[in-house]
1. Could you check what % of the DSSP bridge pairs in the protein assembly as shown are antiparallel, to the nearest 5?
2. Averaged across orientations, what area in nm² does the convex hull of the alpha carbons in chain A project?
3. Of A:Tyr304, B:Tyr313, how do they rank once you tally other Cβ atoms within 10 Å and put the fewest first?
4. Rank-order B:94-100, B:246-252, A:280-286, A:9-15 by packing density, defined as the average count of other C-beta atoms within 10 Å over each peptide's residues, highest first.
5. For region B:19-37 and region A:333-402, what is the separation of their Cα centres, given in Å?
6. Do me a favour and compute the ellipsoid semi-axes for region B:351-426 from its Cα gyration tensor, root of five times each eigenvalue, largest one first, whole Å.
7. Which lysines have a Cα lying under 24 Å from the Cα of B:Lys48, excluding residues fewer than 8 positions away in the same chain?
8. Could you line up B:Tyr67, B:Tyr342 from fewest to most neighbouring Cβ atoms inside 10 Å?
Amino acid sequence: MSIAHDIQSNRLLDTEIDNNFSDMTPPLTDKQVLVASERCLFCYDAPCIDACPTDIDIPLFIRKINTGNVHGAAKEILSANILGGSCARVCPTETLCEQACVRNTCEEAPVEIGRLQRYAVDRLDRSLPYPFTRESDTGKHIAIIGAGPAGLACAHQLARNGHQVTIYEAAAKSGGLNEYGIALYKLVDDYTQKEIEFVLEIGGIEIKYGQALGRDISLKQLRDQHDAVFIGIGMSNVNALNIPGEELAGVEDAVAYIRDLRQESSLANLPVGRRVIVIGAGMTAIDIAVQSKKLGAEQVTIVYRRAQSAMGASLHEQELALKNGVNFVCNAQPTQILGDDSGITTMEFNRTELDESGKLIATDEIISLECDVVFKAIGQKFSSSPLGSDDKPTLDHRGRISVNENYQTSLSDVFAGGDCINGNDLVVEAVDHGNKAALAIHHQL
Amino acid sequence: MKKNANLACEFIGIKSINPFWLASAPPTDKAYNVIRAFEAGWGGVVWKTLGEDPAPINVSSRYGVHYGQNRQVLGFNNIELITDRSLQINLDEITQVKKDWPDRVIIVSLMVPCEEEAWKNILPGVEATGADGIELNFGCPHGMPERGMGAAVGQVPEYIEMVTRWCKQYCSLPVIVKLTPNITDVRKPAEAAWRGGADAVSLINTINSITSVNLETMSPEPSVDGKGTHGGYCGSSVKPIALSMVSEIARHPETSTLPISGIGGISNWRDAAEFISLGASNVQVCTAAMLYGFKIIDDLCDGLSDWMEKKGYNNISDFSRMAIPNTTDWKHLNMNYKRIAYINQDACIGCGRCFAACEDTSHQSILKTGDADNRKYTIIEEECVGCNLCEITCPEPNAIVMKDIDTGLPHLSWLHHPANPYREEP
Ligand SMILES: Cc1cc2nc3c(=O)[nH]c(=O)nc-3n(C[C@H](O)[C@H](O)[C@H](O)COP(=O)(O)OP(=O)(O)OC[C@H]3O[C@@H](n4cnc5c(N)ncnc54)[C@H](O)[C@@H]3O)c2cc1C
Ligand SMILES: Cc1cc2nc3c(=O)[nH]c(=O)nc-3n(C[C@H](O)[C@H](O)[C@H](O)COP(=O)(O)O)c2cc1C
Ligand code: SF4
Ligand code: SF4
Ligand code: SF4
């Protein structure tokens, strides 16, 4: 017999949880690095570089590792991507650089670029001077809104160019989703904050916390007080299921739950459902499913309305979920969540199929799954309300901030990048946007 | 391109933004390559060897390879001749490139018959290009010696001295003499160059070699229509030979002040640092660029510059020749020094390579214990002579460490050793 509304803390011992949330991809050993770096062919016009949104010179940094110049390798990485350390840990390399590696062709195994990148960045020699210097003060002052990956990358590049930067951050900590969103086992040991300390060491960057655009400050104010503005506020809304029962206790937003998880000092304290359903098919769905399992949920099921092959999460991520005991139910479209004031018991779905034209349609077949918790992980949405009502940047067809190739918005002194503009919503892309916007601002001023 | 301020240096009065030049070879064959090299950041080039017109003609199928496991190239050889383009085309290109790249070094490599007229004729045109110096190719070991040039000259010290003298006489440019390793004692040609007035020597050129035989056709590689010939071997496997030769010239009293441009198997910044510490003032690279392209200059410069910064060396001359005082003759080595191997069990993977090596071919100093599930190898300290063989053969970088043993005995060389019947009293 199932116990309804089974949501509890302390499903596992602290030690079990610590073990579950340890580094998912542990660092390579020196010997592994020797072998892995040896495999890189130092390709000409290397396809892996094209596949990296920040164009890190991969063959060059790997060669530097291989010749014993690991510090040089780290500099090479960081000069293209100041968050190269977190990217090495969180990038879905199987869809980026490693997917493009020529070693896949005959050996079906790419050079382990991400792990080599991590090895190098972790060994930047701090007894040597900070690897970046600031150009002489330009007297220009730029406001950045949001201290996520996009904002931080933009700030660092501007600071290198000699500008003064103030970051206005709504939260109490910087890092954006690196601090509040990325799965814990990808970024262990408070890596994000250490990395940000390193970013700020360049100088010339001030962060003002608890300053939300639209609440404490307005775009107009910032534009009046600064020579240019960069918006990197990510996405603060989530998509809704729009089905009956969505408002019941036990139906949660995955991103909000992960946010709590990321800030919880004793993970065993977190309330965890016995039977968990995750609605979604992307990275967030996988993350919440795996983390629920690691917290001790007995049964975790990812339900997706299309076929498994259409999932946004890469095969590698799907395998990670399977390895952690997560089930998949595909071709099932949510219809309602059943429960009462005290919680939920069941979620119902219609079986779906594709019609002749390839359109997804619901059939009459009903699938019913018992549950204590339902996580919504069906995508985040940009909220334009912080932009205010007067002069504000125009939005694109997806409702995000519209920018040109220089990451400039419809307001010539306002730039934007990261998740708040259209893209693939990855940390490494946010860094790329931040870098490029900074260069555009620098050239414009 | 990155600038590494601490790499700027001077070689026989020629300023270079870094100590890395491309050696005279296909990478420096024509303006197109040289411009790409300069764009990539190379400090200088020694232009592919020029000769008298008509230019020689090359065969097809020119290189043969010596592979390691996994197809990495340990070395390769070539049967190419000097430039196969006419003298004037080369001189015109050199003039233009030097004009366009004033901060980069261009040295012109030359090889003409061993006759005064030939050298007298070619030198004015070379000097007129604005090049920074000339290098005399006395090293090419294949093809050209059959015509009385290259190594055929380099193997006769008297010829080296004579030709060097002609060059100093008919041309005001600095003269670098490029030496062949295909001789018994490299100090002799170096002395000859010195006597002839050379400003510097460069070494090594390629080594006589046959890289492989095709067992189907029974032809040596590279095979030209079923026949092969010995070629000049180069690449990382020649580095140890080149390093030794450089050190011999640097240590030799007669040539110890003769500047050296080090060449041979330099593939990364460490190799370069080693050549410089053993006597070279700058280095030249050929094979590594031929295998990976010009972009390796980034690693060469950055790696060397960072290492120097870490060590507190402000410029190349700060560590140049620093290993020379530690390079000596066997008879001066301390016979009371003792080191033995130590196996770090945590890093050992139990392959037994060290055992096979020591048991079969060295001093039976490794003990095999344990069972099939747990093979254990330990050093028998009393037996170990500290030969390093087990450490060399071990696949794990940290499994075998050679440790210094304090014998408490004073320094004692063979020169003064009681077992030496000809010992000198201290
Ligand atoms: C659960 C989850 C897992 C993910 N996993 C990965 C992964 O493994 N790998 C990967 O590459 N990507 C992953 N992503 C995506 C990645 O986190 C984002 O693409 C990236 O963080 C975007 O960076 P950003 O700077 O644009 O925005 P954010 O990281 O969202 O940062 C925005 C910043 O702006 C601040 N802010 C918001 N509104 C305001 C305001 N009004 N005023 C002032 N400040 C404001 C926020 O507090 C935050 O600091 C994941 C995302 C989620 C949700
Ligand atoms: C294909 C080839 C052609 C060469 N041609 C010349 C030449 O014309 N003149 C010369 O002085 N050396 C020539 N060399 C020798 C190189 O300059 C260099 O001395 C040698 O290759 C050793 O250096 P490395 O191990 O870095 O290649 C040639 C080498 C190669 C591989
Ligand atoms: S594609 Fe692969 S082998 Fe080629 S440079 Fe990139 S990592 Fe190295
Ligand atoms: S490298 Fe290959 S393609 Fe190029 S000339 Fe030589 S044989 Fe021909
Ligand atoms: S060769 Fe090295 S790894 Fe192999 S058994 Fe000996 S010590 Fe161990």
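1. 45 percent
2. Over all viewing directions, chain A projects a mean Cα-hull area of 24.0 nm².
3. Working: A:Tyr304 24, B:Tyr313 19.
Ascending number of Cβ neighbours within 10 Å: B:Tyr313, A:Tyr304.
4. A:280-286, B:246-252, B:94-100, A:9-15
5. One Cα centre to the other: 62 Å.
6. 33, 13, 11
7. Straight-line reach from B:Lys48, under 24 Å: B:Lys15, B:Lys30, B:Lys98, B:Lys99, B:Lys120, B:Lys168, B:Lys178, B:Lys239, B:Lys295.
8. B:Tyr67, B:Tyr342
Only the coordinates and a few stated rules stand behind these numbers; no lab work does. The shown structure was predicted, so the numbers you read here are calculated from the model rather than taken from an experiment. Glycine also receives a Cβ, built like all others from the backbone with ideal geometry; neighbour counts cover every protein chain displayed.
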